[in-house]
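Engineer: Quick one: this structure, given as structure tokens, is what I'll be asking you about.
Each value in this text was obtained by applying a stated rule to the coordinates, not by laboratory testing. All of these numbers come straight from a predicted model, not from anything done at the bench. Glycine also receives a Cβ, built like all others from the backbone with ideal geometry; neighbour counts cover every protein chain displayed.
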2 protein chains.
Amino acid sequence: MSKFDEIMKKSGYSKATVSRVINHSPHVSDEARQKITDIMKQLNYIPNRNAVSLSTGQTKQIGIVTSATNEIILTFMNQFIDTAMDFGFQTLIYTSRGDKEIELQAFEDLRSKRVDGLVIMTCVNHPDKLKAYCEYGPIVSWQRMGNDEIPSVAMDQAQGYRLALEHLVSKGYTRIANAFGRAESLNTQSRREAYESFMVDNGLPVLREAYQYSIFSSSDGEEAMRRMASGSDLPQAVLCSNDYAAIGIWSEARKQNIRVPEQLAIVGFDDIELSRVLGITTIHNPIAEQATQAFHRLWAVLGKQELQAQQLEFQLIERSTT
Amino acid sequence: MSKFDEIMKKSGYSKATVSRVINHSPHVSDEARQKITDIMKQLNYIPNRNAVSLSTGQTKQIGIVTSATNEIILTFMNQFIDTAMDFGFQTLIYTSRGDKEIELQAFEDLRSKRVDGLVIMTCVNHPDKLKAYCEYGPIVSWQRMGNDEIPSVAMDQAQGYRLALEHLVSKGYTRIANAFGRAESLNTQSRREAYESFMVDNGLPVLREAYQYSIFSSSDGEEAMRRMASGSDLPQAVLCSNDYAAIGIWSEARKQNIRVPEQLAIVGFDDIELSRVLGITTIHNPIAEQATQAFHRLWAVLGKQELQAQQLEFQLIERSTT
């Protein structure tokens, strides 16, 4: 007889009641809880959290799938972990280092019910391959997926980019360069299109020769600035993939005695703590709110309860680099 | 009959051989691998990675236990994930948000063989409670544990702190303030003792009234600087808990027109990328190497192979804030 069966037998309570006590469900009488807890102690029973809860059919674990852990995704991860915990869910982080097979293990864990749902931060397998797993549990994505089966909480970066462009032009900057992220990403495509159409619409020059790609870190930003400075014609402003890149550009500009913003205006993206501390103009990206929405999307399935989704907006934060 | 048994039967190979093919072990003939793989496909068999490998008794998963994910532990995590992957192990991150019960679930997973080993980054349960789990698999710690059962790869922070103090004194700074981390942590205690004994030994003033605690982020650093500036007597130098705090202090000093390093020298800790970009003098902390050693400590048990441990050292990196 398993210890679980023994607890049922000794307590005289049903499988459902014993299960509810083990899973800390509130829907059980104090008397039953006391008696069952006492017998659990007596039998030295340690509930195996890994077993699927009998009352809910859930493991109360959510997996986050990411190819790497970096500063940019920390905000999202931390907020997601917090929200999930408020709903009684624990978060496991699956890191694939860009390996497709290893990434699939998270999805196999969804199939085998080791996790109740998944959040994709960044993935390397093709979305069409991953969507097959939707039948095993809810999956949401932070990355833009380009398919409908896996809903995404991503925002259209073009919106935020346009805010930055309007701000720069309103301040009189017209020769605007770009330090983009990954060339092939949907975010970069969206930003590039926003830039090109905005410039054309406003009769301003499109500085295609000044496009720089894969500018993520502050070191990347430093190099981007060195390349800009070594060119024949310094742009008046530069839009960055994120705040780290902007900090690198800002720091290198200072070293080269390029006055910011008089000779070069800099706009970051995301509004991380350091951009405030260092005074970098940026686009506030409601990342934490997107993480909350990601959990709420899972909860709509897991808790069978739709929560109202707030409409999220980018916002320009003007500081001293413009 | 389980699919596994069916594969055994159809292929005519033993349990061990089938298991080795499933687990991508190299110790199997090409012929056997081909035949077994074909039958697996034919039966639409998806290996359940969660099952303990029959040939090794391992799940090839390691858990990282942390109460929060922040920038400081990212370097460690990323290097650990990389090293583990080089040895064929996947890393799962357990985040407890400071909840003792949730933290224990990682240890229960070690007991139930869902992970083969654990690395503690920071933990909230008392080490005496956790050491009971050592019998289920190897556990190492990055945090200093204060007990011998759970080995730690932590370095004695006093060493690094003394390097910073010697540097400052050699440059003529004698009134040295401290922006510490968590007051009760062993690291802080170790740094405070290093500071006090160094100052006393050198006949220099111990500025106890200038101790500030819980200074972790760049925002914390800003506030620490404001408090220093509002005091009657600005110290000549400040030693920081980490580079983020140092960046906050440096940035706020600039806003207050306090010249760095002429009026105030600043020394960070860890040597993160941004400290190089922004020119902050700091103590290089070989965090990535500690992560590698953490995995090697686990591997000594899991792979039954001792790897030579390199002696790690702190190093002073002089930049423009001293």
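Engineer: Taking 1 over the mean of 1/r across every pair of different Cα atoms in the stretch A:3-42, what Kirkwood radius in Å do you get?
Structural biologist: One over the average 1/r among Cα pairs gives 9.7 Å for the stretch A:3-42.
Engineer: How much mean residue ellipticity at 222 nm does chain A get from its helices, if each DSSP H run of length 4 or more adds -39500 (n - 2.57) and you divide by all residues, to the nearest 500 deg cm²/dmol? Show your work: numbers first, answer last.
Structural biologist: Numbers: 12 runs with 140 residues, N = 322.
Roughly -13500 deg cm²/dmol at 222 nm, from the helical runs in chain A.
Engineer: Taking a label point 7 Å from the Cα of B:Glu166 along the Cα→Cβ vector, which residues of the stretch B:180-213 have an amide N closer than 18 Å to it?
Structural biologist: Within reach of a label on B:Glu166: B:191-204.
Engineer: May I pose another question? Please compute the contact order of chain A in relative form: average sequence separation of alpha-carbon pairs under 8 Å and at least six residues apart, divided by the residue count, as a percent.
Structural biologist: 14
Engineer: Using θ = phi - 60° and the Karplus relation 6.51 cos²θ - 1.76 cosθ + 1.60, list the HN-Hα couplings for the stretch A:264-273 in order, rounded to whole Hz, with x at every Gly or Pro.
Structural biologist: Result, ordered by residue: 8, 8, 10, 10, x, 8, 3, 6, 6, 3 Hz.
Engineer: Taking the Cα centre of the protein assembly as shown as the origin and placing charges on Cβ (Lys, Arg +1; Asp, Glu -1), which of B:Ala158, A:Asn147, B:Ser275 is farthest toward the positive end of the dipole?
Structural biologist: Checking the options against the dipole of the protein assembly as shown, the answer is A:Asn147.
Engineer: Scanning chain A for GluC sites (Glu not before Pro) in DSSP loops with at most 11 other Cβ atoms within 10 Å, what's the longest stretch left with none?
Structural biologist: A:1-183
Engineer: Provide Rg over Rh for chain A; use the alpha carbon set for both Rg and the Kirkwood Rh (inverse mean inverse pair distance).
Structural biologist: With Rg and the Kirkwood Rh in hand, the quotient comes to 1.13.
Engineer: Here's something else I'd like to know. From the phi of every residue in the stretch A:173-178, what ³J(HN,Hα) in whole Hz does the Karplus formula 6.51 cos²θ - 1.76 cosθ + 1.60 yield, where θ is phi - 60° and glycine or proline is x?
Structural biologist: Whole-Hz 3J(HN,Hα) from phi for the stretch A:173-178: 7, 10, 9, 10, 9, 10.
Engineer: If you don't mind, there's one more thing I want to ask. Treat each spin label as a single point 7 Å out from the Cα along the C-beta direction, and report the B:Asp128 to A:Ala183 distance in nm.
Structural biologist: According to this spin-label approximation, the distance is 6.1 nm.
Engineer: Using a 7 Å offset from Cα along the direction of the beta-carbon, what are the separations from B:Glu108 to the same position in each other copy, nm, ascending?
Structural biologist: 2.5
Engineer: Next question. So for the stretch A:3-42, averaging the separation of alpha carbon pairs under 8 Å that are six or more residues apart and normalising by length, what relative contact order in percent results?
Structural biologist: 42
Engineer: I've got another one for you. Would you mind listing the distances between the A:Ala229 label point and the same position in each other copy? Use 7 Å along Cα-to-C-beta, nm, one decimal, shortest first.
Structural biologist: Between copies, matching label points for A:Ala229 lie 2.7 nm apart.
Engineer: What residue among B:Lys129, B:Lys41, B:Lys60 has the largest mean-square fluctuation in a Gaussian network model of chain B, using Cα springs under 10 Å?
Structural biologist: B:Lys41
Engineer: What order do you get for A:Asp128, A:Asp148, B:Asp82, B:Asp271 when you list them from fewest to most C-beta neighbours inside 10 Å? All intermediate terms of the calculation are to be shown ahead of the outcome.
Structural biologist: Values: A:Asp128 12, A:Asp148 9, B:Asp82 17, B:Asp271 24.
With the fewest neighbours first, A:Asp128, A:Asp148, B:Asp82, B:Asp271 line up as A:Asp148, A:Asp128, B:Asp82, B:Asp271.
Engineer: Still on this structure, please answer the following. On the first, second and third principal axes, largest extent first, how far apart are the outermost C-alpha atoms of the protein assembly as shown in Å?
Structural biologist: 76, 69, 58
Engineer: Moving on. Tell me the distances, shortest first, between B:Asp86 and the same position across the other copies, using label points 7 Å along Cα→Cβ, in nm to one decimal.
Structural biologist: Copy-to-copy label distances at B:Asp86, shortest first: 4.1 nm.
Engineer: If you average the sequence gap of Cα pairs under 8 Å that are 6 or more apart and divide by the length of the stretch A:157-284, what percent do you get for the contact order?
Structural biologist: Answer for the stretch A:157-284 is 25 percent.
Engineer: Excluding same-chain residues fewer than 8 positions from B:Lys10, which aspartates and glutamates have a Cα within less than 13 Å of its Cα?
Structural biologist: Here the aspartates and glutamates satisfying the reach criterion relative to B:Lys10 are B:Asp38.
Engineer: Quick one: helix A:186-201 against the long Cα principal axis of chain A, what's the angle to the nearest 10°, folded into 0 to 90?
Structural biologist: 30
Engineer: Same structure, new question: Near the axis that takes chain A to chain B, which A residue has its beta carbon closest, and at how many Å?
Structural biologist: Spelled out as residue then distance in Å, it is A:Ile93, 2.
Engineer: With only alpha-carbon atoms in the gyration tensor, what are the semi-axes of the equivalent ellipsoid for the stretch B:157-284, in Å, largest first?
Structural biologist: In descending order, the three semi-axes are 19, 16, 15 Å.
Engineer: Related question: Karplus couplings for the stretch B:137-142 from phi (6.51 cos²θ - 1.76 cosθ + 1.60, θ = phi - 60°), rounded to Hz, Gly and Pro as x?
Structural biologist: x, x, 10, 10, 10, 8
Engineer: Once you've got the GNM for chain B with C-alpha springs shorter than 10 Å, pick whichever of B:Arg162, B:Arg191, B:Arg254 has the biggest mean-square fluctuation.
Structural biologist: Most flexible of the set in this elastic network: B:Arg254.
Engineer: Can I ask one more? Roughly how many Å is it from the Cα centre of the stretch A:96-128 to that of the stretch B:217-252, as a whole number?
Structural biologist: Here the answer is 43 Å between Cα centres.
Engineer: Expected output is a single nm value to one decimal: the length gained when fully extending between B:Thr174 and B:Glu318, i.e. 0.36 nm times separation in residues minus the C-alpha distance. What is it?
Structural biologist: My answer for the length gained is 50.1 nm.
Engineer: Still on this model: Quick check: the angle from helix A:243-255's long axis to the longest principal axis of chain A, C-alpha only, nearest 10 degrees?
Structural biologist: That works out to roughly 30 degrees.
Engineer: How big is the charge dipole of chain B about its Cα centre, in debye rounded to the nearest 20, if each Lys and Arg gets +1 on its Cβ and each Asp and Glu gets -1 on its Cβ? Walk me through the intermediate numbers first.
Structural biologist: Numbers: 34 positive and 39 negative charges, 193 e Å.
The dipole magnitude comes to about 920 debye.
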